[in-house]
1. Any residue in the range 133-141 that is more than 20 Å from Gln9 (Cβ to Cβ), touching a Phe, Trp or Tyr at 6+ places or on another chain (Cβ under 6 Å) and within 13 Å of the ligand (Cβ to nearest atom)?
2. For the range 178-188: of the residues being buried (at least 20 other Cβ atoms within 10 Å of the Cβ) and not β-branched (Val, Ile, Thr), which is farthest from the ligand (Cβ to nearest atom)?
3. So, in the range 110-130, how many residues would count as being among the charged types (D, E, K, R), over 17 Å from the mean Cα position of the chain (by Cα) and within 14 Å of Thr152 (Cα to Cα)?
4. Please determine, by comparing only the residues of the range 149-168 that are of a type in the set (A, V, I, L, M, F, W, C) and crowded, with 17+ Cβ neighbours inside 10 Å, which one is farthest from the ligand (Cβ to nearest atom).
5. Among the residues of the range 25-46, which ones are away from the ligand (no atom under 16 Å from the Cβ) and in contact with a Phe, Trp or Tyr (Cβ under 9 Å, 6 or more places away or on another chain)?
6. Quick one: which of His76, His100, His18 is within 16 Å of the ligand (Cβ to nearest atom) and over 22 Å from Asp117 (Cα atoms)?
7. Kindly list the number of the only condition in (1) touching a strand residue (DSSP E or B) at 6+ places or on another chain (Cβ under 7 Å); (2) more than 24 Å from Ile15 (Cβ to Cβ); (3) free of Cβ contacts under 8 Å to residues at least 40 places away in the same chain; (4) away from the ligand (no atom under 11 Å from the Cβ) that fails for Glu122.
Amino acid sequence: AEIIIVDSQEQAGDIYAHCVADLIESKPNAVLGLATGSSPLVAYERLAALIKERKLDVSGVQGFALDEYVGLDPEHPESYRSTINRTVTVPLGLNPQSVHVPNGDPAGLQTAGAAYDAAIEEAGGIDIQILGIGSDGHIGFNEPGSSLASGTRMKTLTEQTRIDNARFFDNDIEQVPVHCITQGIGTIMKARQLILLAFGKGKADAVAAAVEGGVSSLCPASALQFHPHATVIVDEEAASKLI
Ligand code: F6R
């Protein structure tokens, strides 16, 4: 992967925003892979500003989120459907019908993963996938041990991820769903370009393992080493354990 070390999240966000804005300009029906979590928030803000500034037509743009909780009402404010709507769809001015999130309804889980991968294919594949990284090296909700060839499917959240995400559920781990549906690592690897953002010293070990460690399912993000067009954008703290 190409590594870019930046001074600030704003600088990282600008790099992402320019990549996506240039893409939309040349390909009005661009397909964006979307992540939740804190890492991409400034990047989405920068992109929203650039779309306005350049008066880009985003009516043909489609989006596909990485993951969703299982069994959480899509209307729940912390569902990834709601989160993506609030942080991406509305600020970027995307057509809500064109923004897809995996279906976390427990009733349809046997088929929801394959249907999601098929929908991505049908849209022409993801052009630019933005990613964050977990402190354990996860991407999407692919925790350590996930198959590097996996498609979208249901997974069980680790205790650590549920503890980390309790902050969005009144700090009550009991309210954090136990299962999720996530794009697989194989799904993510099919995107034509990957941009992974990581900030802060809590990400330093995961970034070093992902970029300079062996490729292994024990660090799902290490799969990026096999991607022909992956960019890892980190601040000084997140870069601090790189050789
Ligand atoms: C989000 C996702 C996760 C996060 C990761 C980092 O859709 O799939 O992999 O990207 O947990 O989260 P933050 O950015 O909050 O540190």
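1. For the range 133-141, residues more than 20 Å from Gln9 (Cβ to Cβ), touching a Phe, Trp or Tyr at 6+ places or on another chain (Cβ under 6 Å) and within 13 Å of the ligand (Cβ to nearest atom): absent.
2. Checked the range 178-188; the qualifying residue farthest from the ligand (Cβ to nearest atom) is Gly184.
3. Looking only at that region, the number is 1.
4. Met154
5. Val31
6. It is His76.
7. (1)
Conditions (1) surrounded by 13 or more Cβ atoms within 10 Å (Cβ to Cβ); (2) at pLDDT 95 or above; (3) among the small types (Gly, Ala, Ser), marked per residue:
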site: Val99; (1), (2), (3): yes, yes, no
site: Asn103; (1), (2), (3): yes, yes, no
site: Gln110; (1), (2), (3): no, no, no
site: Ile120; (1), (2), (3): yes, yes, no
site: Ala123; (1), (2), (3): yes, yes, yes
site: Asp127; (1), (2), (3): yes, yes, no
site: Ile130; (1), (2), (3): yes, yes, no
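The values are calculated or read from the model by the stated rules, or taken from the named source; none is laboratory data. This one's a predicted model, so the numbers in the text were calculated from it and none came from an experiment. Positions of Cβ are generated from backbone atoms using ideal geometry, with glycine treated the same way; all protein chains shown enter the neighbour counts.
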